[in-house]
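The next block holds one structure in the form of structure tokens; read it before the comments.
What follows draws every value from the coordinates through simple rules; no lab data is involved. Nothing here was measured: the structure is a model prediction, and the numbers come from that model. Cβ coordinates were reconstructed from backbone atoms using ideal geometry, including for glycine residues, and neighbour counts include every protein chain displayed.
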Amino acid sequence: MSATELLHGPLGESRYDKKMETKLVFQDAAGFATPMLAVFAVDIALGVDAEPLLALLTTSDAVTDAAAKALASGEFKGTLGEQLLLHGPSGLKAERLLIIGLGKAKTLSVDEVRKGAGTAIRSAKPRGMRELAIAFPEEHALSDEHLEALPCVGLARAIVEGAELAEIDWDTYKSDRKDRSVQSLTVVAKETEKSTTAEIHQGFDEGVIVSDAQNFTRALVNEPGNVLTPTELGKRAAAMCAEMGLACQVHSTAKLQELKMGAFAAVAQGSAEPPALIVMTYEPKGKALPKDAPVLGLVGKGITFDTGGISIKPADGMEKMKYDMAGAAAMIGAMRAIAQLKPMVKVVGVVCSAENMPDGRAYKPGDVVTAMSGKTIEIINTDAEGRLVLADGLHYAKTLGCTHLINAATLTGACVVALGILNAGLFCNDEPTVEKFWEAMKVSGEKFWRLPCTDDYKDQIKSQIADIMNTGGTRWGGAISAAMFLKEFVGETPWVHLDIAGCAWNDDVKPWIGKGPSGIAVRSIIEWVRAYSA
Ligand code: BES
Ligand code: ZN
Ligand code: ZN
């Protein structure tokens with residue numbers, strides 16, 4: 001038994017067990033018996049300085065009547081995440097009515113509904129409630145001038161996603177952890193002209209799959225570096241693939257040498273933990289795809305701990321660098337959903353996982369390494385290791401036949417300086433490809449902001465003695481230097497690069513989500529892949 005196994009139980013096992021059962025029923029919300037019924041409210045007042053004027057997103061007269069007095073009091077403004085709880089609401093079978101604000105009706109989108117659903121769950125948890133219901137928002141409860149029709153599939157999906165993401169508290173490693181999980185959530189919907197039962201069911205089912213994938217990713221990101229080594233990440237990916245019917249291979253040092261992955265191997269060589277090269281393959285079954293059908297490559301940075309190596313990081317905040325594998329985790333999570341959503345497109349997931357450590361055998365500033373593509377790289381800073389493992393991962397994905405590439409990585413602090421923690425960075429070398437990503441973002445609700453990677457930035461990675469160097473020759477535009485480095489290895493292949501350094505970990509508590517791993521990029525990547533489905 002290994003030391004890790006001794007401390008934390010059998011390897012390869014996910015520490016995320018889905019506890020909440022989600023159900024969908026079609027009936028009037030007023031007649032549904034539950035400890036707590038949550039209903040959404042929006043502010044329909046027009047004008048910037050107008051007093052809030054609240055409307056509930058329900059067509060149930062009984063629910064509207066039960067809330068009327070409390071809403072008329074003016075105490076509740078309906079801002080996003082605001083809550084008002086009524087005990088023993090008259091005329092309802094529910095023991096409590098929870099009114100949740102979604103903000104201004106004018107700016108309402110699926111995203112606010114996702115957050116609203118999360119707020120319902122997180123308001124139930126500290127009250128020790130195990131069971132609750134959410135009334136499906138009925139948009140026609142409002143006149144069209146206040147609210148554009150929201151996609152019904154998206155609404156159903158957002159409720160499930162928001163609730164599932166909110167349910168988890170990352171207390172896995174607390175020995176006195178109190179189980180406060182919500183065990184049952186019922187979405188109470190009504191069929192209308194605008195929203196059919198089939199559409200609501202479809203959104204609901206997709207929401208279950210997508211949120212489960214995102215939570216799978218978050219659980220991986222939450223793991224400490226001593227538990228989630230590259231080898232363990234490989235085991236978890238392989239176990240997930242076996243469960244979902246995906247092909248999976250996990251390689252290590254020998255394969256890196258065989259493939260001449262000199263950049264990836266250089267990063268790995270300073271650690272006692274061997275690297276893992278994980279390849280997951282999804283192939284649609286049934287009808288054969290045309291010969292020129294796209295093959296999508298999902299490449300993830302999987303640094304299970306980034307000390308910076310010989311260019312060591314300051315001690316302050318270094319513990320956070322366990323989440324330097326969030327890009328890899330996003331790809332593994334996305335593959336999990338893809339296996340279940342079954343799009344008609346082949347997808348290959350490639351994860352390059354290593355630990356970046358200082359050691360007698362570690363790579364050093366000044367070293368020159370040769371990547372799998374044949375390009376030589378002068379190492380300036382061993383802390384710029386993510387681009388090195390990705391260089392070989394991206395090139396390898398191309399040799400596996402990928403025609404379109406997407407990568408996710410907690411790549412640069414500079415991206416966080418540029419964009420803060422609300423938008424992640426996006427770089428792309430191909431307009432039709434980025435268009436598909438913008439469409440995906442409308443469904444996912446995730447925020448990415450595009451930064452440039454045009455060839456005029458190439459000078460930033462020019463080396464005096466090798467083809468390129470691994471950090472910028474300037475301190476300005478560090479996120480762009482990293483993107484330019486990756487671009488050297490994708491060539492003409494359409495490619496999206498997501499720099500998620502600032503968004504992979506939530507440091508703040510929000511009414512709809514706890515602190516910890518965010519699972520950013522999972523939902524957008526899944527939708528981007530589905531956009532290529534034949
Ligand atoms: N893993 C870090 C980037 C990072 C920073 C992730 C903050 C999450 C939060 C990456 O490997 C790194 O250290 N990058 C360096 C690059 C520099 C040496 C050119 C950085 O951003 O400082
Ligand atoms: Zn680093
Ligand atoms: Zn890193």
Item checked: the chain: Cys lacking any partner C-beta under 4.7 angstrom -> Cys152, Cys352, Cys402, Cys415, Cys428, Cys453, Cys503
Check: Roughly how many nanometres apart are two label points built 7 Å out from the Cα toward the Cβ at Thr454 and Lys18?
Finding: 4.6 nm
Checklist line | trypsin sites (Lys or Arg not before Pro) lying in DSSP loop within segment 471-524, provided at most 10 other Cβ fall within 10 Å | finding: Arg475
Notebook entry, point to check: Roughly how many debye, to the nearest 20, is the charge dipole of segment 21-214 about its Cα centre, given +1 on each Lys and Arg Cβ, -1 on each Asp and Glu Cβ, and no other charges?
Noted result: 740 debye
Checklist line | Rg/Rh ratio calculated on Cα atoms of segment 21-214 (Kirkwood radius) | finding: 0.96
Next item on the list: Using the structure shown, list the pairs from Lys178/Lys342; Lys18/Lys235; Lys458/Lys515; Lys291/Lys436 with a Cα-Cα distance above 27 Å, or answer none.
Entry: Lys178/Lys342; Lys458/Lys515
Checklist line | Theoretical FRET efficiency, 1/(1+(r/R0)^6), r = Cβ-Cβ of Lys106 and Val25, R0 30 Å, to 0.05 | finding: 0.45
Checklist line | In segment 271-353, the chymotrypsin sites (Phe, Trp or Tyr not before Pro) that fall in loop regions by DSSP, at most 14 other Cβ within 10 Å | finding: none
Item checked: Shape of segment 211-306, Cα gyration tensor, a/c cut at 1.5 -> oblate
Next item on the list: State whether segment 358-442 is rounded, prolate or oblate according to the following rule on the C-alpha gyration tensor (a ≥ b ≥ c being the square roots of its eigenvalues): a/c under 1.5 gives rounded; otherwise a/b larger than b/c gives prolate, and the remaining case gives oblate.
Entry: oblate
Check: Which three semi-axes in whole Å describe the equivalent ellipsoid of the chain, each the square root of 5 times a Cα gyration tensor eigenvalue, listed largest first?
Finding: 44, 24, 22
Margin query: At R0 = 56 Å, how high is the FRET efficiency between Leu46 and Asp179 if r is their beta carbon distance? Nearest 0.05 is fine.
Written below: 0.75
Margin query: Can you compute the modelled spin-label distance between Trp170 and Val509, with each label point 7 Å from Cα toward Cβ, in nm?
Written below: 1.5 nm
Checklist line | Tilt relative to the chain, helix 326-341 - C-alpha long axis, 0 to 90 degrees, to 10 | finding: 60 degrees
Next item on the list: Return one number: the angle in degrees, 0 to 90 and rounded to the nearest 10, between the long axis of the Cα atoms of helix 230-244 and the longest principal axis of the Cα atoms of the chain.
Entry: 50 degrees
Item checked: DSSP bridge orientation in the chain - percent antiparallel, rounded to nearest 5 -> 40 percent
Check: What angle do you read, to the nearest 10 degrees and between 0 and 90, between the alpha-carbon axis of helix 110-124 and the longest principal axis of the chain?
Finding: 80 degrees
Item checked: Assigned charges on the beta-carbon of Lys, Arg, Asp, Glu; the chain dipole about Cα centre (debye) -> 840 debye
